[in-house]
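So the structure is just underneath, and the comments pick up after that.
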Amino acid sequence: ADDADDNAAAADGADSASDGAPPLLSAELRCAPAARAARAARTCTVHRRFHAKLRGRPARVTIDSGDQTFSASSDCAALCELPIGAASGLHCIEIEIVELRAERNRDHGWIGMMSPESARTLAPPGRAALSVALTNNGRVYRADTVELNKEQRMYSKGDRLRMEFDAATHTLRWLKGGRVLAAAGGIPDGWHFAVGRYYGEPKLRIVAAAAA
């Protein structure tokens, strides 16, 4: 990734969904008030730790002793505990951005969902097959294809990013401060929440005390 400036430049120019890709819901396509109220009334299963085994090569990813903080200096991914599977209901996780460089043309933060089948790859969620992610610069990637390019800073050092996955609708939403940043539909059963590194040396922490 450190030599992949051409990839970053290509991502800048790709702002439409690829043919045949699962539907993507932008931040502007928010649900109706009644649907939002119904979502708020449901119980959310909170995910609080990284999975003990579903992560990139040990030399590329560091998870602290509490299984809550991710850091890396080489391309990799780390999946979170409790597979979504076919479970019903709403699932959520909150990620604190502890360290993250800010460069307009390079996406240092990759936060989304990923299949266990892609866990051993050397690519973050969004770049790897069977995965989706929102980057810090406002791009939603699915399997290395840009589906949404808002070209604006979505999150940075010190922010807390919340993800919510609705198993009934197979929809993933990214939120910051209660505001929807973006959403992606067509998420298959069996994917996990995940984070990853493509540029720089990001440090991301799961907020264990996150509210349901």
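The values are calculated or read from the model by the stated rules, or taken from the named source; none is laboratory data. Values in this document were obtained by computation on a predicted structure and should not be read as measured data. Every residue, glycine among them, receives a Cβ derived from its backbone with ideal geometry; neighbour counts consider all protein chains shown. Each accessible area value is taken on the protein alone, full model and side chains, heavy atoms only, with ligands, DNA and RNA left out. Shrake-Rupley method; radii C 1.70, N 1.55, O 1.52, S 1.80 Å.
Sort out which residues of segment 116-142 are in contact with a Gly (Cβ under 8 Å, 6 or more places away or on another chain) and either of a type in the set (V, I, T) or open to solvent by 10 Å² or more (accessible area, probe 1.4 Å) (or both), and write them in order of number.
P116, R120, T121, L122, A123, R127, V132, T135, V140, R142
Could you tell me which residue of segment 185-208 is nearest to K53 (Cα to Cα), considering only residues that are in a loop (DSSP other than H, G, I, E, B) and open to solvent by 60 Å² or more (accessible area, probe 1.4 Å)?
So, considering only residues that are in a loop (DSSP other than H, G, I, E, B) and open to solvent by 60 Å² or more (accessible area, probe 1.4 Å), the one nearest to K53 (Cα to Cα) is D189.
From (1) surrounded by fewer than 24 Cβ atoms within 10 Å (Cβ to Cβ); (2) within 16 Å of G200 (Cβ to Cβ), pick out the condition that doesn't hold for E96.
Exception for E96: condition (2).
For segment 56-69, indicate whether the set of residues that are under 16 Å from the mean Cα position of the chain (by Cα), closer than 23 Å to V207 by Cα and at pLDDT 90 or above is non-empty.
Yes, because at least one residue in segment 56-69 is under 16 Å from the mean Cα position of the chain (by Cα), closer than 23 Å to V207 by Cα and at pLDDT 90 or above.
Confirm whether L82 is aliphatic (A, V, I, L, M) and either outside any loop (DSSP other than H, G, I, E, B) or touching a Pro at 6+ places or on another chain (Cβ under 6 Å) (or both).
No; evaluated as a whole, the condition is false for this residue.
Each row is one residue, and each column tells you yes or no for (1) among the polar types (S, T, N, Q); (2) at pLDDT 95 or above; (3) assigned to a loop (DSSP other than H, G, I, E, B); (4) open to solvent by less than 60 Å² (accessible area, probe 1.4 Å).
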site: R153; (1), (2), (3), (4): no, no, yes, no
site: K157; (1), (2), (3), (4): no, no, yes, no
site: L161; (1), (2), (3), (4): no, yes, no, yes
site: E164; (1), (2), (3), (4): no, yes, no, yes
site: W174; (1), (2), (3), (4): no, yes, no, yes
site: A183; (1), (2), (3), (4): no, yes, no, yes
site: A210; (1), (2), (3), (4): no, no, yes, yes
